[in-house]
Amino acid sequence: MAPKLRDLIITYNNLANPDGSALFCQGNTIVQAYVFGPVDVSNSKERSEKASLFVTFKPKNSYEIRKELYENYIRTVLETIIHLDMHPRTSISVILQEMQDDGCLLSAAVNSACCALLDAGIPMKCMIASVTSCISVDAIQLDPNKEASQKSDGSIVLTFESSKNGIISVTSEGELTFDNIKEAIKLGCLASKEIYDFYHKSMKKRFLINS
Amino acid sequence: MTDTIVFPGFSIKSLIDEENEAKDKKIVIGPGLKRQINDVRAIKCGILRSRTSNNLIVYWIDSHQKRYVAVRGERVIGVVVGKGAMSVNVDIGTSELASLSLLAFESATKRNRPNIQLGDLVYARILSANKDMKTELICVTSQMKKDGLGVLPQGGFMISVPLRVCRRLLSPGCKLIEILGSKFKYEITVGLNGRIWIRSPSITETIYIVNTFLSVEDKDEQGMLDLYKQITDKFQVIVR
């Protein structure tokens, strides 16, 4: 069974001021990510042996509460893949602006952060791809929209890394059985390859136009 | 093998082995690549390039970076932002300010220091670049000659461009500076940190030259040839 992701669209370097930026669309979910770094950092947040990483997730409406859960999840994921030791006493900040939410917001945010980091030329060990699957009574649906995810019983977000195609982070909510999780991993693994292919294709396009 | 697009985590060992089989040359790993025990991996996204000289091959990655990271020996343009007794602090676009000793100028002594004001632009060479230490700049060559380095004169205009534009302008294949020079009278200094300083007799000419450099980024080889032709056809040299 071939996994079915919604259409992926990306624009690199769409903002002038940041060091790297990417506008990532996954179906109707759109996230704008931008990166500053490596830049100077205040003394209190400075770490002598490696760069400090800051992740900010901005919801669409400013009066909504901050999604600290998202920020922490993305920060732990990015900390494992960035070579933070190459730029000690600096800071790398990743800012993610939600533009539109139609399900899988966390996955789209992780993927857009990866693209913005690629664009900024931050040294990384590998790339990441995040996939959400939602589980209803009878079936598993990959990359659901908002309506489908609200109807389902539970959902699981898996983040894969590209070098060994291993899982680096998992978060889930709702009731999940062991078999559900197994199948979700199997599906997600195939879908993550599709996302890497997409990264490759989009970057190729960018370099061929520009060079 | 060159002009392959590589991604972080991509192992280029097989590519290197393929090309290097018979030649038995030394390999130099440049920016964007990292050695890991028995493997060489890319850590940035970009085009893998290589250059062969006498007995070594240099590999590096050409990426879309905008933020400069200091490299020893490169020539950069900096802005003086702080002044001390024996040295000045210079902003060269890296995460940290660089320091430039006042004795590192041609014919400078403890008594006779160069006249540097806050806000001046300096064209300097990077003497030492280390991730754990402050970057040091110098305005003389090893023979204590100035060789074009030093404080840039008044009346110029500085622009910031992506790093690859500067590398492109300085590459041997690029004729843009010469072609503009055949039509206009101007002075130019290109720093590898993405800064270009231009001085020409009138504002109109400066604006035209600046816009030409800003348009270079998105052009391919054919686009550059078109641009050369456009400049040669559009202007005539008037002897004043």
Can you tell me which residue is nearest to residue A:121 (Cα to Cα) among those in region A:1-47 that are modelled with pLDDT of 90 or more and of a type in the set (Lys, Arg)?
A:47
Qualifying residues in region A:172-182 (those that are surrounded by 16 or more Cβ atoms within 10 Å (Cβ to Cβ) and assigned to a helix (DSSP H, G or I)) - the one farthest from the other protein chains (Cβ to nearest Cβ)
A:180
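Conditions (1) open to solvent by less than 40 Å² (accessible area, probe 1.4 Å); (2) touching a strand residue (DSSP E or B) at 6+ places or on another chain (Cβ under 7 Å); (3) within 26 Å of residue A:37 (Cβ to Cβ), marked per residue:
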{"position": "B:3", "(1), (2), (3)": "no, yes, no"}
{"position": "B:16", "(1), (2), (3)": "yes, yes, no"}
{"position": "B:62", "(1), (2), (3)": "yes, yes, yes"}
{"position": "B:69", "(1), (2), (3)": "no, no, yes"}
{"position": "B:83", "(1), (2), (3)": "no, no, no"}
{"position": "B:86", "(1), (2), (3)": "no, yes, no"}
{"position": "B:91", "(1), (2), (3)": "no, yes, yes"}
{"position": "B:95", "(1), (2), (3)": "yes, yes, yes"}
Is it the case, given these coordinates, that residue B:232 is touching a residue at least 24 places away in the same chain (Cβ under 8 Å) and under 22 Å from the mean Cα position of the chain (by Cα)?
no
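Tally up the residues in region B:94-148 that are within 14 Å of chain A (Cβ to nearest Cβ) and in contact with a Phe, Trp or Tyr (Cβ under 6 Å, 6 or more places away or on another chain), please. Please lay out each step first, then the result.
Kept after step one, since they are within 14 Å of chain A (Cβ to nearest Cβ), are these residues of region B:94-148: B:94-98, B:129-135.
From what is left, the residues that are in contact with a Phe, Trp or Tyr (Cβ under 6 Å, 6 or more places away or on another chain) are B:94.
The total comes to 1.
What number of residues in region B:208-219 are within 23 Å of residue B:148 (Cα to Cα) and either in contact (Cβ under 8 Å) with a residue 40 or more places away in the chain or open to solvent by 40 Å² or more (accessible area, probe 1.4 Å) (or both)?
Taking region B:208-219 as the starting set, the residues that turn out to be within 23 Å of residue B:148 (Cα to Cα) are B:209-210, B:213.
In the following step, the residues that additionally are either in contact (Cβ under 8 Å) with a residue 40 or more places away in the chain or open to solvent by 40 Å² or more (accessible area, probe 1.4 Å) (or both) were identified as B:210, B:213.
Number of matching residues: 2.
Hey, among the residues in region A:125-142 that are part of a strand (DSSP E or B) and of a type in the set (S, T, N, Q), which one's most open to solvent (accessible area, probe 1.4 Å)?
Filtering region A:125-142 down to residues part of a strand (DSSP E or B) leaves A:128-135, A:140-142.
If we keep only those that are of a type in the set (S, T, N, Q) too, we end up with A:130, A:132-133, A:141.
Values: A:130: 0, A:132: 14, A:133: 0, A:141: 82 Å².
Among residues in region A:125-142 that are part of a strand (DSSP E or B) and of a type in the set (S, T, N, Q), the one most open to solvent (accessible area, probe 1.4 Å) is A:141.
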Looking at (1) in contact (Cβ under 8 Å) with a residue 24 or more places away in the chain; (2) out of contact with any Leu (no Cβ under 7 Å at 6 or more places or on another chain); (3) surrounded by fewer than 23 Cβ atoms within 10 Å (Cβ to Cβ), which is the one condition that is false for residue B:51?
(1)
In this structure, is residue A:17 buried (at least 19 other Cβ atoms within 10 Å of the Cβ), within 12 Å of chain B (Cβ to nearest Cβ) and either farther than 24 Å from residue A:168 by Cα or not hydrophobic (A, V, I, L, M, F, W, C) (or both)?
no
Taking region B:137-162 only, how many residues are in contact (Cβ under 8 Å) with a residue 60 or more places away in the chain, out of contact with any Gly (no Cβ under 7 Å at 6 or more places or on another chain) and part of a loop (DSSP other than H, G, I, E, B)?
2
Flagged in region B:173-207 as assigned to a helix (DSSP H, G or I), over 26 Å from residue B:64 (Cβ atoms) and either touching a residue at least 24 places away in the same chain (Cβ under 8 Å) or touching a Phe, Trp or Tyr at 6+ places or on another chain (Cβ under 6 Å) (or both), in numbering order, are B:182, B:183, B:205, B:206
Residue B:39 being within 14 Å of chain A (Cβ to nearest Cβ), surrounded by fewer than 20 Cβ atoms within 10 Å (Cβ to Cβ) and under 28 Å from residue A:43 (Cα atoms)
no
Spot the failing condition for residue A:96; the list is (1) part of a strand (DSSP E or B); (2) more than 15 Å from the chain's Cα centre (by Cα); (3) of a type outside the set (Phe, Trp, Tyr), and only one is missed.
(2)
Here the qualifying pairs (Cβ atoms under 9 Å; residues six or more apart or on different chains; first in region A:33-45 and within 8 Å of chain B (Cβ to nearest Cβ); second in a strand (DSSP E or B) and β-branched (Val, Ile, Thr)) come out as A:37/A:92; A:37/A:94; A:38/A:92; A:39/A:92
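Name every residue in region B:7-48 that is of a type in the set (Lys, Arg) and either free of Cβ contacts under 8 Å to residues at least 12 places away in the same chain or over 24 Å from residue A:195 (Cα atoms) (or both), in order of residue number.
At the first step, the residues of region B:7-48 found to be of a type in the set (Lys, Arg) are B:13, B:23, B:25-26, B:34-35, B:41, B:44.
Selection gives B:13, B:23, B:25, B:26, B:34, B:35.
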Any residue at all in region A:106-120 that's in contact (Cβ under 8 Å) with a residue 24 or more places away in the chain, touching a helix residue (DSSP H, G or I) at 6+ places or on another chain (Cβ under 7 Å), surrounded by fewer than 24 Cβ atoms within 10 Å (Cβ to Cβ) and not β-branched (Val, Ile, Thr)?
yes
Of the residues B:172, B:162, only one is modelled with pLDDT under 90 and open to solvent by less than 80 Å² (accessible area, probe 1.4 Å); which?
B:162
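The values are calculated or read from the model by the stated rules, or taken from the named source; none is laboratory data. Given the structure is predicted, the values throughout are model-derived calculations rather than measurements. No Cβ is skipped: glycine too gets one built from the backbone with ideal geometry, and neighbour counts run over all protein chains shown. What goes into the accessible areas is simple: the full protein's heavy atoms, side chains included, and nothing from ligands, DNA or RNA. Shrake-Rupley method; radii C 1.70, N 1.55, O 1.52, S 1.80 Å.
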